[in-house]
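The next block holds one structure in the form of structure tokens; read it before the comments.
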Amino acid sequence: MEPIYIEGTPKTPTVRFDASQGIFEISGRSIPENSVEFYKPLVDWLEKYKEAPLEKTVVHIKLEYFNTSSSKCILDVFKKLEAIHKAKNEVEVHWYYEEDDEDMLEAGEDYESIIRVPFRMIEIAEDN
């Protein structure tokens, strides 16, 4: 499978999905004009990856901010990962948040409560 690499912009996150490594990353800000249009290729790609996933898949979510329409699309991404996990493959989500960003921590915890995939909350210490 061809990896997906999307360079981030002020409104869209950087995306790196590499099937050969089983390491996926979404980082930056997610406030695209059309969230569904932005995330659909990622969801479609994960649907294909689901057919032959690696034994272990690790997903790094390092978002500093996302809007409501992005949150629904991110949930769709997580649902694909949940399907991979249910098929007896190891999937782990690493949810990064800055130490004083309660909202981002809570968002990660909300996803963790909905999606049956192991989450690790990882606090990023801010540089003073």
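The values are calculated or read from the model by the stated rules, or taken from the named source; none is laboratory data. Remember, predicted model here, so these are calculated numbers, not experimental data. Heads up, the Cβs are rebuilt from the backbone with ideal geometry, glycines too, and the neighbour counts pull from every protein chain shown.
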*Restricting attention to strands (runs of 3 or more DSSP E) lying wholly within the range 1-109, give those where 2 or more residues are out of contact with any Phe, Trp or Tyr (no Cβ under 8 Å at 6 or more places or on another chain), within 19 Å of Ile122 (Cβ to Cβ) and not small (Gly, Ala, Ser).*
23-30, 56-66, 90-98
*Run Lys88 past the list (1) out of contact with any Asp or Glu (no Cβ under 8 Å at 6 or more places or on another chain); (2) touching a residue at least 12 places away in the same chain (Cβ under 8 Å) and report the number of the one that doesn't hold.*
(2)
*Residues in the range 64-72: is at least one crowded, with 20+ Cβ neighbours inside 10 Å, closer than 21 Å to Ala107 by Cα and touching a helix residue (DSSP H, G or I) at 6+ places or on another chain (Cβ under 8 Å)?*
yes
*Specify which of the listed residues (Lys80, Lys88) is under 19 Å from Val15 (Cα atoms) and charged (D, E, K, R).*
Lys80
_Looking at Glu99 and the list (1) more than 17 Å from Phe24 (Cα to Cα); (2) at pLDDT 95 or above, which single condition is not satisfied?_
(2)
*Starting from the range 46-60, keep only residues that are within 17 Å of Lys79 (Cβ to Cβ), then list their pairs with residues that are at pLDDT below 95 and surrounded by fewer than 17 Cβ atoms within 10 Å (Cβ to Cβ) whose Cβ atoms are within a distance under 7 Å, requiring at least 6 positions of separation or different chains.*
Lys48/Met1; Tyr49/Met1
*So Arg120 fits all but one of (1) part of a strand (DSSP E or B); (2) surrounded by 17 or more Cβ atoms within 10 Å (Cβ to Cβ); (3) among the basic types (Lys, Arg); what number is the exception?*
(2)
*asked:* Within the range 90-100, take every residue that is over 12 Å from the mean Cα position of the chain (by Cα) and surrounded by fewer than 18 Cβ atoms within 10 Å (Cβ to Cβ) and give me the one that is farthest from Ile23 (Cα to Cα).
replied: Asp100
*asked:* Could you check the range 49-63 and list, in sequence order, the residues that are out of contact with any Pro (no Cβ under 8 Å at 6 or more places or on another chain) and surrounded by 13 or more Cβ atoms within 10 Å (Cβ to Cβ)?
replied: Tyr49, Lys50, Pro53, Leu54, Thr57, Val58, Val59, His60, Ile61, Lys62
